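Read the structure below first, then the notes.
Only the coordinates and a few stated rules stand behind these numbers; no lab work does. Please read these numbers as outputs of a predicted model, since none were measured by experiment. Note that we place each Cβ from the backbone using ideal geometry, even for glycine, and neighbour counts take in every protein chain shown.
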Amino acid sequence: MYWLLLLPAIIISFWAQIKVSTTFDKYKQVGSFNGFSGAEVARMILDYNGLHDIPVELVAGTLSDHYDPSNRVLRLSEEVYYGKSVASIGVAAHETGHAMQHKESYGPMGLRSAIVPIANFGSGASWLILILGLFMGMRSLVFLGIILFSFVVLFQIVTLPVEFNASSRALRTLEDRGILQGEEIKGAKKVLDAAAMTYVAATIMAVVNLIRLIMISQNRD
């Protein structure tokens with residue numbers, strides 16, 4: 001049963017990664033009518049929303065763009081920071097969506113931030129704890145391993161509304177402020193929709209792995 005679940009999950013995950021890469025590559029070739037860079041658009045949207053104190057910084061890596069709520073910094077990869085394409089502007093606007101969520105104390109974002117420490121720990125330690133529990137015949141450790149990985153799944157699930165909401169805010173702002181128009185908005189939406197699918201794929205994979213943990217624990221009963 002596990003392999004019947006795992007194979008589609010792997011296929012979806014690979015497809016999502018290819019989709020986001022090809023879609024971004026396509027729309028990074030499409031310039032916007034306004035000629036703004038991703039960094040300029042991010043700065044404008046932040047200022048529009050009264051977030052003048054949040055800096056827009058350059059970060060290493062490809063599509064490594066993110067908003068850091070702990071330090072209240074928006075970081076953009078070089079291609080997005082300097083890029084003047086529909087793709088760059090869409091990604092930059094998406095990250096400002098997270099800054100707006102933070103400002104408004106958006107519920108799912110707060111929940112996600114709260115479970116980050118235990119989710120990170122669970123991601124690395126849950127399998128080890130479960131296997132140790134099985135080896136030692138300690139059901140309490142097995143149960144603990146499953147609980148810890150459940151927080152990884154919860155993190156992935158909560159991430160979905162956070163990401164979809166940020167994209168919705170981004171597209172609405174880009175259109176309302178006239179930063180992008182017509183077909184440009186459609187292109188930006190395709191880029192953000194493709195990126196969102198990577199989070200859906202990660203959630204599916206996390207659920208499948210949780211099922212695997214549960215099956216392993218039951219097989220040793």
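Of the residues making up the range 65-93, those that are touching a residue at least 60 places away in the same chain (Cβ under 8 Å), closer than 16 Å to residue 25 by Cβ and small (Gly, Ala, Ser) are 87, 88, 90. Taking the conditions (1) among the acidic types (Asp, Glu); (2) surrounded by 15 or more Cβ atoms within 10 Å (Cβ to Cβ); (3) not in a helix (DSSP H, G or I) in turn, residue 57 satisfies each one other than (2). Suppose the filter is in a helix (DSSP H, G or I), of a type outside the set (A, V, I, L, M, F, W, C), closer than 30 Å to residue 133 by Cβ and touching a residue at least 24 places away in the same chain (Cβ under 8 Å); does residue 165 pass it? Against the criterion (in a helix (DSSP H, G or I), of a type outside the set (A, V, I, L, M, F, W, C), closer than 30 Å to residue 133 by Cβ and touching a residue at least 24 places away in the same chain (Cβ under 8 Å)), residue 165 does not qualify. Residue-level check: of (1) over 21 Å from residue 203 (Cβ atoms); (2) surrounded by 15 or more Cβ atoms within 10 Å (Cβ to Cβ); (3) small (Gly, Ala, Ser), residue 123 misses just (1). Residue 174 meets each of the listed conditions (1) touching a helix residue (DSSP H, G or I) at 6+ places or on another chain (Cβ under 6 Å); (2) surrounded by fewer than 20 Cβ atoms within 10 Å (Cβ to Cβ) apart from (2). Among the residues of the range 129-141, none qualifies, meaning not one is aromatic (Phe, Trp, Tyr) and touching a helix residue (DSSP H, G or I) at 6+ places or on another chain (Cβ under 8 Å).
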